[in-house]
1. Can you give me the accessible area per residue for the chain, using a 1.4 Å probe, in Å²?
2. Which one, Asp116, Asp180, Asp68, has the greatest fluctuation when you compute a Gaussian network model over the chain with C-alpha springs under 10 angstrom?
3. Using a 1.4 Å probe over the heavy atoms of the protein chains, calculate the carbon and sulfur portion of the accessible area of the chain as a whole percent.
4. Going by amide H atoms built from the backbone, whose H comes under 5 Å of the H on Arg196, apart from near neighbours?
5. If you put +1 on each Lys and Arg Cβ and -1 on each Asp and Glu Cβ, how big is the dipole of segment 117-157 around its Cα centre, in Debye rounded to 20?
6. Which far-off residues, 5 or more places away or on another chain, put their amide H under 5 Å from the one on Tyr105, with H placed in the peptide plane?
7. Give me the mean projected area, in nm² to one decimal, of the convex hull enclosing the Cα positions of the chain.
8. For Cys70, enumerate residues with amide H under 5 Å from its amide H, sequence gap 5+ or separate chain, H modeled in the peptide plane.
Amino acid sequence: MYCTTESVEQLAEQFAQLPGIGRKTAHRLALYILKMSRDEVVLLAKSLVNVKDKVKYCSICSNITESDPCAICSNTKRERSLICVVEEPHDVIAIEKTHEFKGLYHVLGGALSPLDGIGPDDLKIKELLQRFSNTTVEEVILALNPNVEGEATTLYLSRLLKPLGMKITRIARGLPVGSDLEFADEATLSKALEGRIAV
Ligand SMILES: [Zn+2]
């Protein structure tokens, strides 16, 4: 291509690796960076490195945090008898927005997907089991995405956790099938939590 430069192409290539960014958008973003002031670009670059250097995973719930344990795990007002299992950190944000849930979370880091080679050992399932050894958890809410992978994970976890004796529930099926918890509106998610059913 003669109408562009090597460094613009390189940057566009990096943007294109991000989820939801096609080649066209990647080029548009790269050209937009050119229009920004040098200070703004430096700030953006620093923020990218910062997030990588500072953010770690909570040793209890595996959510993202800058201090370990995270703010939710170390909050004494949260109900310790209730653990809500989700796939990704953005699911925690979605549920927190409903102001409906006062327990703790456990972030699996994904869902079971044999086709993509993601098995139980690739998720924070071992860490989840460890949480039941020295705490008094009464209920585990499985709040996984309403798609094939989320369903498979819900089934797997309910079978794994049932023998441990606590109540296992899953969020109600009011969420659009095939979608992502992240995109559910607060009212729908709130209802799904409220109407959770035993598995
Ligand atoms: Zn935590």
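The values are calculated or read from the model by the stated rules, or taken from the named source; none is laboratory data. All values derive from a computational prediction rather than experimental measurement. Quick reminder, even Gly has a Cβ in these numbers, built from the backbone with ideal geometry, and neighbours come from all protein chains shown. Side chains included, ligands, DNA and RNA excluded: accessible areas come from the protein's heavy atoms. Shrake-Rupley method; radii C 1.70, N 1.55, O 1.52, S 1.80 Å.
1. 63 Å²
2. In this elastic network of the chain, the residue with the biggest mean-square fluctuation among Asp116, Asp180, Asp68 is Asp116.
3. 56 percent
4. Under 5 Å from the amide H of Arg196 lie the amide H atoms of Ala172, each far enough along the sequence or on another chain.
5. Computed charge dipole of segment 117-157: roughly 120 debye.
6. Cys84
7. Averaged projected area of the chain's Cα convex hull equals 14.0 nm².
8. Ser59, Ile60, Cys61
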